[in-house]
Every structure is written in structure tokens, then in C-alpha cells.
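So the structure is just underneath, and the comments pick up after that.
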Amino acid sequence: MGALGTSRSASSGGYQSEGPTRPIRPTRPMRPRRRSRIALRIAAKILLAVVLVVAAAIGLLFALTPSAGQASALVQAQARDRHIGYPGPTVPRSFAQALIATEDHRFNTDPGVDPVALGRVAINWILGRQDQGGSTIDQQLAKNLYTGGHSGFAEDLKQLALAVKLNQAYSRAQILRMYAEVAYYGHGYYGLDAASCGYFGRPPDRLTVVQAAMLAGVVNAPTYDDPLVYPGQARTRLVHVIGRMAAVGYLTRAQQTAALNAPLGLSAVRGCP
């Protein structure tokens with residue numbers, strides 16, 4: 001009874017015995033799928049931040065960069081300095097198709113810059129990967145006319161803004177003509193007319209498909225793809241250009257095969273008669 005009374009007394013005094021201690025469960029490791037979702041959300045936020053920063057920079061540069069109306073005068077000045085005719089010849093269809101297929105296959109629909117390519121470049125930059133693509137024909141023209149052919153972070157942003165301005169100010173045919181006029185084709189040839197006469201001894205409107213493709217391909221690396229100095233490398237580049245023309249629908253498979261088997265026809269005499 002005394003023990004019982006003591007127990008009751010303790011209970012009435014507010015002392016209660018603690019129940020059995022629950023074991024502490026170990027923390028579960030984060031599931032791989034959840035980690036992937038978190039990583040993707042972080043990457044998306046970083047990408048959004050980069051896009052917003054770039055958009056703001058482009059907006060500022062759009063206000064600060066020169067007018068695109070100067071482009072034709074700049075082309076004329078370069079032609080005069082290089083002693084080539086201005087305006088240059090009309091860009092033949094085969095050259096235009098080869099250039100567009102290789103350098104900027106969304107040329108006829110993009111606003112001067114390629115949002116898809118820019119997004120790919122941004123993602124690869126975030127992931128630490130190399131990506132040399134993304135430069136449209138408009139951007140390349142802006143590079144040649146406004147930034148002295150130089151590249152760098154500031155120059156690339158300037159080229160983005162100017163490419164949009166060029167797209168708004170000129171037709172697609174005018175952009176191609178200006179580009180063809182100022183491009184360097186290797187072997188000392190500036191301008192499509194000089195390159196066509198220099199390599200093949202004929203004006204641009206008489207170029208074959210394979211000749212037009214060679215000229216369109218050489219502008220990417222005119223020193224290393226010069227067919228007179230590095231014929232092997234020039235041939236590799238030519239095969240790539242012809243393949244791109246077929247891939248985007250400018251050539252059928254039969255036409256692709258015929259172009260690859262056609263002679264290039266380099267002229268022993270430099271210049272048009």
C-alpha cells in the first residue's frame with residue numbers, strides 16, 4: 001500500500017515517467033531524380049539571368065551603336081580602299097544558297113540574329129563547353145563593317161545590336177550583296193567578283209554550282225581553305241558545303257553527287273578576260 005501510495009503521490013505531484021525512447025531515423029539521401037530537378041531549376045534560373053542581362057545589354061547597345069544606314073557607305077569605302085568595283089555584281093543564286101546553307105540556314109526568317117543558336121551557345125557556355133556557332137550572316141557583315149573584323153565580348157554584343165539594325169534597314173538580297181562585296185576569299189581576293197575572276201577566270205554569274213560552293217565555303221577560313229595553297233583542306237570544306245546544300249533542300253541527292261564529281265575548274269590565268 002505504501003508503495004502504491006507513493007506512486008499515486010508522485011503522479012499527483014506532476015511527475016510522469018517518460019515512455020520508451022523512439023529511435024532516431026537516419027536521414028535519407030536525396031534521390032537522384034530530385035537532384036536532377038534541382039540542378040535543372042538552377043540552370044534554368046542562371047540561363048534566364050544570362051538572357052536578361054544580354055537583352056538589357058543589347059537594348060543599351062541598340063541605342064549607342066551607329067545607324068545601319070551607314071552600311072552601304074562603309075561597303076563603298078572598303079571597295080575603294082581595295083580597288084574593287086562598287087557596287088559589286090548581283091549575287092548568283094548558287095552562291096547565295098551555298099552561303100546560306102553553310103553559314104546561316106535560317107537567314108531568310110531570322111531577325112538578324114538566330115535565337116535558337118544563341119540559346120545553344122548560352123547553354124554550352126554555362127556548361128563550360130565550346131561552341132563556335134551562332135553567328136548569322138548579318139552578324140558577320142556587322143563584324144566586317146563596324147568592328148574591324150575583331151571578336152570579343154564587347155564586340156560580339158555590338159555585332160548583335162547592329163545585326164538587328166541591318167536586318168531592319170536592308171532586304172535579304174541587299175545584305176547578301178554587301179556581304180559578298182566585303183568578304184575575303186583568300187589568296188588576296190576581296191569581293192565576290194575579284195574572287196570569281198581570280199580563281200576561275202569567269203564572272204560570278206557564270207559560276208558552276210561547285211565553284212559557287214567553293215567560294216561560299218572559303219570565307220569561313222580563307223587562309224586555310226585556299227584551294228590554290230591547301231587543295232586538300234579546300235576539298236574537305238567543299239564537301240561540307242555541298243552536303244549542307246543537300247541537307248537544307250537546295251540540292252537533290254543526284255545533284256549533290258554530280259556536284260561532288262564535277263571538276264572545280266581552277267583557272268591557270270588570273271582574272272576575267
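Annotations for the structure displayed:
- Shown in residue order for the range 43-50 are the 3J(HN,Hα) couplings computed by the Karplus curve 6.51 cos²θ - 1.76 cosθ + 1.60 at θ = phi - 60°: 4, 5, 5, 5, 4, 4, 4, 5 Hz (x for Gly and Pro).
- Neighbourhood charge, 13 Å Cβ-Cβ cut-off, centred on PHE107 and excluding it, Lys, Arg +1 and Asp, Glu -1: -2
- Per-atom-type breakdown for the range 140-273 gives carbon and sulfur 55% of the accessible area (1.4 Å probe, protein chains only).
- Placed amide H near THR136: partners under 5 Å, 5+ positions off or other chain: ASP114
- ³J(HN,Hα) computed for each position of the range 165-176 - Karplus, 6.51 cos²θ - 1.76 cosθ + 1.60, integer Hz, glycine/proline x: 5, 4, 4, 7, 8, 10, 6, 5, 5, 5, 4, 4
- The overall shape of the range 139-182, judged from the alpha-carbon gyration tensor, is oblate: a/c is not under 1.5, and a/b is no greater than b/c.
- Listed by chain and number, the aspartates and glutamates whose C-alpha is less than 13 Å from the C-alpha of LYS158, apart from same-chain residues fewer than 8 away, are ASP138.
- The range 148-210 - charge dipole about Cα centre, Lys and Arg +1 at Cβ, Asp and Glu -1, debye rounded to 20: 160 debye
- A cut-off under 12 angstrom between Cβ atoms defines the neighbours of LEU176, and their net charge, with Lys, Arg +1 and Asp, Glu -1, is -1.
- Charge tally around ASP226: other residues with Cβ under 15 Å, Lys/Arg +1 each, Asp/Glu -1 each, net +2.
- Working note: Karplus 6.51/-1.76/1.60 with θ = phi - 60° gives the range 260-266 the couplings 5, 8, 6, x, 6, x, 5 Hz, where Gly and Pro are set to x.
- Each peptide in 175-188, 84-97 was scored by the mean count of other Cβ atoms within 10 Å over its residues; highest first, the order is 175-188, 84-97.
The values are calculated or read from the model by the stated rules, or taken from the named source; none is laboratory data. Bear in mind that the values here come from a model prediction, so they are computed numbers and not experimental data. Every residue, glycine among them, receives a Cβ derived from its backbone with ideal geometry; neighbour counts consider all protein chains shown. Accessible surface is based on the protein model in full, side chains and every heavy atom, while ligands, DNA and RNA are left aside. Shrake-Rupley method; radii C 1.70, N 1.55, O 1.52, S 1.80 Å.
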